[in-house]
Amino acid sequence: MTRSWPGVFFDPTFATAPTAPRPRSEVPADQCWNLSDIYPTWEAWRAAYDDLGGRIGAYGTRRGTLATSAATLLDALRASDAMGQLAYKIWYYASLAHDEDQRDNQIGGRRQQVQLLFAQWRQSTAWFNPELLAIPLATLREGMAADPDLAVYRFMIENLFRQQAHVLDERGEHLLSLATQLTRVPDDAYEALSTADMRFPTIELSTGEQVQVTYPRYRALLATNRVQADRARAFEAHHGTFDASLNTYAALYNGVLQRDWYQARARGYATTLEAALHGDNIPIAVVENLISSTRSSAGSLQRYERLRRRALKLDTYHLYDGSIPLVDRTEHYPYQQVVDAIVHSVAPLGGTYQHRLAAGFASRWIDIYENDGKRSGAYSAPVYGVHPYVLMNYNDTLDAAFTLAHEMGHSMHTVLSHECQPFVYSDYTIFVAEVPSTLSEALLLDHLLAHTSDPLERIVLLQHAIDGITGTFFTQVMFADYELQAHRLVEAGEPVTADVLSDLYDSTLRAYHGDAIDYDPLARVTWARIPHFFGSPHYVYQYATCYASSAKLLIGLRDTDPGGRAETIARYLELLGAGGSDYPMTLLQRAGIDLAEPDTVAAVATHLDTLVDQLEAALASRGLL
């Protein structure tokens with residue numbers, strides 16, 4: 001690999017992922033993110049923590065003054081922003097350090113300290129929104145018209161008044177704020193049970209190799225091990241670990257459902273879905289129509305699964321067979337080679353975007369490999385005033401390569417949003433967040449397809465493109481379908497037990513996969529290992545809507561007309577820079593995407609059928625069917 005971008009070059013120390021988790025102390029510094037960009041020491045963090053505590057205590061002196069003058073209101077808003085900027089750094093310094101090794105109770109205690117401080121912050125500022133809403137909107141508009149600095153907060157203020165029907169009086173807001181720390185308990189307990197306290201078993205493969213089925217190693221095994229019996233053994237061991245504590249997981253999930261229903265009713269919403277969507281002004285019909293349309297299009301998914309069964313020459317086809325490549329190809333994707341490919345893949349977005357992405361890779365934004373006690377999965381953390389941080393558990397698989405592209409898409413969204421917007425609008429909404437991440441994956445796929453001369457790799461990449469649709473679109477809609485049904489159980493006053501939740505998951509699974517797969521008994525407990533259900537309710541549907549949105553943008557980026565491509569790029573970069581400055585549906589419409597149009601969603605299933613046609617032809621041409 002030749003050097004192409006500043007700081008992006010092939011380094012033999014990154015040639016392959018470690019074969020086993022290591023203690024954190026043994027991980028080289030250049031494979032870890034650099035938290036000293038936030039604070040140089042824990043002493044500096046403590047000073048900032050104390051500073052925030054003092055600001056929180058002093059903020060209450062502004063109570064009863066907001067209506068005094070526009071200048072007083074502006075001062076209060078700016079003071080709130082200053083606390084928010086400080087809070088980003090304080091929280092993420094402790095949280096990111098905790099995720100390096102979640103067994104470290106000292107750092108976990110510091111993270112809890114921040115949560116407690118944030119609860120105090122919410123309690124001490126619970127008066128703010130009711131007091132602001134007591135000022136006539138016409139008066140506020142006059143003040144904003146006369147003062148450009150106050151006008152910066154126009155969308156925030158107008159949006160707050162839109163939601164006024166669901167804002168309680170001062171006493172009500174105070175009571176809700178007192179429950180803030182309690183609302184995190186089910187998610188925190190789930191995280192501890194499923195990660196810090198989890199003891200996954202070790203299994204023996206057909207080769208005699210011993211493998212502990214941790215999250216990343218389980219995923220890697222399903223994606224690389226061609227022996228179906230090994231995959232079945234891993235599936236049973238991994239899912240069996242959750243099944244052993246299923247009643248506890250059910251109790252925690254019931255806590256999530258009951259919390260969401262309590263909060264929705266407390267604010268006067270008819271359903272938890274309405275409460276979840278109202279903040280971003282998303283019509284309920286968007287989710288309901290998405291689920292209905294996707295259920296109707298499930299035949300496309302099932303057609304692909306039947307093709308996989310034929311290509312893999314399996315008598316039975318199970319969920320654990322869905323990740324294995326259709327062709328026998330042992331290529332690995334070392335981290336630094338993938339970094340170079342990702343940087344090259346974003347060329348359609350312009351040289352400036354490319355160079356900034358390359359600089360992020362070179363500046364230790366990323367914690368690359370698995371280590372003992374490290375949080376599983378991947379994410380991008382938007383640390384305001386510093387830069388994004390990306391957690392990975394990179395394992396040299398193609399899936400890991402696209403996960404890296406996905407998280408860097410989030411990170412570039414963060415960079416542009418933080419640069420282009422004042423703090424109050426710097427945090428983009430979840431509804432828009434997955435557009436750049438899924439677009440980044442699509443661009444990497446295009447790059448790899450364009451540069452491979454290996455017909456077998458082309459089959460693998462076509463499979464990955466299809467798996468992107470089945471995983472990011474169909475599976476996420478199925479998850480959204482499941483959690484909507486689960487929330488509706490609580491709304492209807494129905495009992496929520498481990499059996500109820502597992503039966504519900506089984507019926508939902510069958511609605512999407514039909515008779516295209518064979519069902520294992522432990523498949524019905526899969527709900528217990530989906531962290532989004534516990535940590536981000538009514539979130540996952542947005543993966544699907546964002547996938548449809550990125551597909552629409554990709555069409556524009558492939559436009560043969562230079563003017564059309566330039567217009568798409570400009571609209572896309574404007575979307576990234578817009579942050580949370582308007583409602584997400586409005587921002588997407590400005591970028592040329594209308595999710596209210598049925599064709600936007602239906603086109604995904606059509607595209608899937610086209611790709612399955614190409615894959616079937618490619619497999620047939622190699623005599624693999």
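The values are calculated or read from the model by the stated rules, or taken from the named source; none is laboratory data. Quantities reported herein were computed from a predicted structural model and do not represent experimental measurements. Note: ideal-geometry Cβ built from the backbone for every residue, glycine included; neighbour counts use all protein chains shown. Side chains included, ligands, DNA and RNA excluded: accessible areas come from the protein's heavy atoms. Shrake-Rupley method; radii C 1.70, N 1.55, O 1.52, S 1.80 Å.
Distances over 24 Å make up what percent of all Cα-Cα pairs in the range 27-123? Present the calculation step by step, with values, prior to reporting the outcome.
Working: 1527 of 4656 pairs.
Above the 24 Å cut-off, the range 27-123 has 33 percent of its Cα pairs.
On a 0 to 90 degree scale, rounded to 10, what angle separates helix 398-420 from the longest Cα axis of the chain?
With rounding to tens, the tilt is 20 degrees.
What is the set of long-range amide H partners of Tyr379 at a cut-off below 5 Å, with H atoms built 1.01 Å from backbone N?
Residues meeting the criterion, in which the H sits 1.01 Å from N, are Leu391.
If the only charges are +1 at each Lys and Arg Cβ and -1 at each Asp and Glu Cβ, what is the size of the charge dipole of the range 469-625 around the Cα centre, to the nearest 20 debye?
Once rounded to the nearest 20, the dipole reads 460 debye.
Any idea what angle helix 335-345 forms with the longest principal axis of the chain, computed on alpha-carbon atoms, 0 to 90 degrees, nearest 10?
Relative to the chain, helix 335-345 is tipped by roughly 70 degrees.
With every protein chain kept in the model, how would you rank Glu491, Glu331 by accessible area, 1.4 Å probe, largest at the top?
Glu331, Glu491
For the range 481-606, calculate the relative contact order in percent as a whole number, restricting contacts to Cα pairs under 8 Å that are 6 or more residues apart.
19 percent
What FRET efficiency do you get for Val167 and Thr452 if R0 is 56 Å and r is their Cβ-Cβ distance, rounded to the nearest 0.05?
0.55
In percent, what relative contact order does the chain have, based on Cα pairs under 8 Å that are 6 or more apart in sequence? Let's see the in-between values first.
Numbers: 781 pairs, mean separation 121.7, N = 625.
The normalised contact order for the chain reaches 19 percent.
By accessible area of protein heavy atoms, probe 1.4 Å, what ranking do Val612, Val415 get, highest first? Could the numbers behind the result be given before it?
Values: Val612 0, Val415 20 Å².
Of Val612, Val415, the descending order of accessible area is Val415, Val612.
Please state the relative contact order of the range 410-488 as a whole percent: Cα pairs under 8 Å, 6+ residues apart?
Dividing the mean separation by the residue count of the range 410-488 yields 19 percent.
Using Cα centres only, tell me the gap between the range 477-510 and the range 53-124 in whole Å.
Spelled out, the Cα-based centre of one part sits 36 Å from the other.
Please turn the phi angles of the range 427-434 into ³J(HN,Hα) values with the Karplus equation 6.51 cos²θ - 1.76 cosθ + 1.60 (θ = phi - 60°), one per residue in order, whole Hz, x for glycine and proline.
9, 6, 7, 4, 4, 9, 4, 7
Lys/Arg Cβ at +1, Asp/Glu Cβ at -1, dipole of the chain taken about the Cα centre: which of Ser69, Leu257, Gly409 is farthest positive-ward?
Projecting each Cα onto the dipole axis, the largest value belongs to Ser69.
From the residues Gly57, Thr586, Leu461, which one has its Cα farthest along the dipole of the chain in the positive direction, the dipole being from +1 and -1 charges on Cβ of Lys/Arg and Asp/Glu about the Cα centre?
The residue sitting farthest along the positive end of the dipole is Gly57.
Roughly how many whole Å is it from the C-alpha centroid of the range 137-216 to that of the range 346-367?
Rounded to whole Å, the Cα centres lie 29 Å apart.
Per residue, how much accessible surface does the chain expose to a 1.4 Å probe? Answer in Å², no decimals.
On the way: 25360 Å² over 625 residues.
That works out to 41 Å² per residue.
Given the -39500 (n - 2.57) contribution per DSSP H run of 4+ residues, what per-residue ellipticity at 222 nm results for the chain, rounded to the nearest 500 deg cm²/dmol?
Numbers: 28 runs with 384 residues, N = 625.
Per the formula, -19500 deg cm²/dmol.
Please state the charge dipole magnitude for the chain, taken about the Cα centre, from unit charges on C-beta atoms (+1 on K and R, -1 on D and E), reported in debye and rounded to the nearest 20.
Numbers: 50 positive and 75 negative charges, 71 e Å.
It comes to approximately 340 debye.
Can you say what percent of the DSSP beta bridges in the chain, counting only those with both residues inside, are antiparallel? Round to 5.
Of the beta bridges lying entirely in the chain, close to 75 percent run antiparallel.
What percentage of the solvent-accessible surface of the range 260-360, computed with a 1.4 Å probe over protein heavy atoms, is contributed by carbon and sulfur atoms? Numbers along the way, then the final one.
Details: 2040 of 4150 Å².
Looking at the range 260-360 in its full context, I get 49 percent from C and S.
With +1 on the Cβ of every Lys and Arg and -1 on the Cβ of every Asp and Glu, and nothing else charged, how large is the dipole of the range 361-428 about its Cα centre, in debye rounded to the nearest 20?
Numbers: 3 positive and 8 negative charges, 29 e Å.
Magnitude of the dipole: close to 140 debye.
Which order do Leu573, Leu150 take when ranked by solvent-accessible area (1.4 Å probe, heavy atoms of all protein chains), largest first?
Order by accessible area, largest first: Leu573, Leu150.
Once the Cα gyration tensor of the range 515-555 is diagonalised, what are the square roots of 5 times its eigenvalues, in whole Å and ordered largest first, as equivalent ellipsoid semi-axes?
Over the Cα atoms of the range 515-555, the ellipsoid semi-axes are 28, 18, 6 Å.
Through the Karplus equation 6.51 cos²θ - 1.76 cosθ + 1.60, θ set to phi - 60°, convert the phi angles of the range 328-333 into ³J(HN,Hα) values in whole Hz; use x for Gly and Pro.
So the Karplus estimates, Gly and Pro as x, are 7, 9, 9, 4, 9, 10 Hz.
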